[in-house]
Every structure is written in structure tokens, then in C-alpha cells.
Amino acid sequence: HWRMVAAGMYGTVWLVTRVFPLFASGFGHILHHEVIVKAVKRDKDTTDSDAAGEILALSAEIRTLAKIEHDNVVKTFGFVYGAPPQHDADAPAGHNSTPDVKSWMMILEVCAMDLANLIYDKREDDSVPDLADPKAMMALVTGIVAGLEFIHGSGFLPLDLKPGNVLLARTQSGEYRP
């Protein structure tokens with residue numbers, strides 16, 4: 001199942017859920033696996049042969065991103081080239097739920113929320129960091145800086161750094177980390 005969760009200047013983002021039946025010791029189980037798929041916008045006039053050149057140029061970078069292992073950096077699992085399913089009933093009105101041309105799509109780990117949601121959503125949820133608490137704020141800032149230092153040290157420069165692109169994962173202990 002593909003559900004569009006965001007659309008922006010550079011592409012469209014989906015939450016993709018796969019359900020796998022598992023059979024162990026005669027008992028049927030279901031495994032739900034979720035990933036984020038970000039399709040990067042392409043010019044509709046770009047041919048598939050032009051796209052092949054784009055993919056070759058980007059593949060080394062994406063393979064490098066997939067090797068980055070840091071607690072404060074979203075995990076990149078890989079990429080694919082193609083077009084996702086053509087219809088999503090959950091897509092907001094006025095938005096295409098999938099690209100109408102093939103594009104390269106990054107496959108990323110699912111995060112709980114972004115920093116913009118944390119800043120602008122007024123929640124009464126005790127598990128969400130209180131930005132008025134200096135200790136919670138320092139933990140977020142320290143995590144963001146640690147992630148950026150690691151990314152820069154790996155030879156990358158984020159070009160679209162903003163609260164909506166700073167993702168927060170929820171740890172097994174229930175805390176949020178950038």
C-alpha cells in the first residue's frame with residue numbers, strides 16, 4: 001500500500017507498507033514492514049536514456065548514503081528507478097499520488113515525525129519533547145548537530161535543511177531523537 005505523506009519542490013514522499021505472511025512452526029504470522037519512498041521529480045521531457053545517465057551519476061552517491069551509519073542520520077536502504085503504482089485513494093485532493101513519469105526513488109527508514117510538527121503542533125503528549133525544557137531542547141540540538149557533523153564529514157552537504165526535513169525517530173524507550 002502506497003500513501004502519499006508529503007509533496008514538495010524536489011519530489012513526493014510516500015509511506016509504503018508491505019504485508020508478508022510468515023509461516024513458522026505451523027502457525028501463520030503477519031509481518032508489516034514500512035519504509036519511506038521519496039521519488040525525486042524529473043522533467044517530463046527527460047527520456048529514459050537521459051534518465052539512465054542521471055541514475056549512473058546518482059548511484060555512487062546513493063550507495064555512499066546507504067553506507068552511512070549514525071544514530072542521528074536517517075538510514076537510506078537504497079534506491080530504485082521506475083514508477084510506483086498509479087493510484088492512491090488516500091492522496092489529498094488536487095495532488096497526484098504518484099509521478100506520471102519514471103523517476104529515481106530513495107528508500108528510507110520511517111521516522112515518527114519531523115521537527116516542524118514538533119515545533120508547530122501543540123500536543124499534550126508527555127512522550128513528545130517539551131521545547132520549553134532546556135534539557136530537552138539541548139538534547140535535540142545536540143543530536144541535530146551530531147548528525148550534520150557526521151554528514152559533512154562523509155562529504156555531503158544538505159541543500160534543503162529546514163524543520164520539515166529534520167526527522168525525529170522514536171527509540172525503543174519511547175524517546176525522540178533527531
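The values are calculated or read from the model by the stated rules, or taken from the named source; none is laboratory data. Here the structure is a predicted model, which means the values were calculated and not measured. Note: areas computed on protein heavy atoms with side chains; ligands, DNA, RNA excluded. Shrake-Rupley method; radii C 1.70, N 1.55, O 1.52, S 1.80 Å.
Miscellaneous remarks
- Where segment 105-178 is the region considered: accessible area per residue in Å², 1.4 Å probe: 65 Å²
- Solvent-accessible ranking of Thr171, Thr142, largest area first, probe 1.4 Å: Thr142, Thr171
- On segment 105-178, 57 percent of the accessible area sits on carbon and sulfur atoms, based on a 1.4 Å probe.
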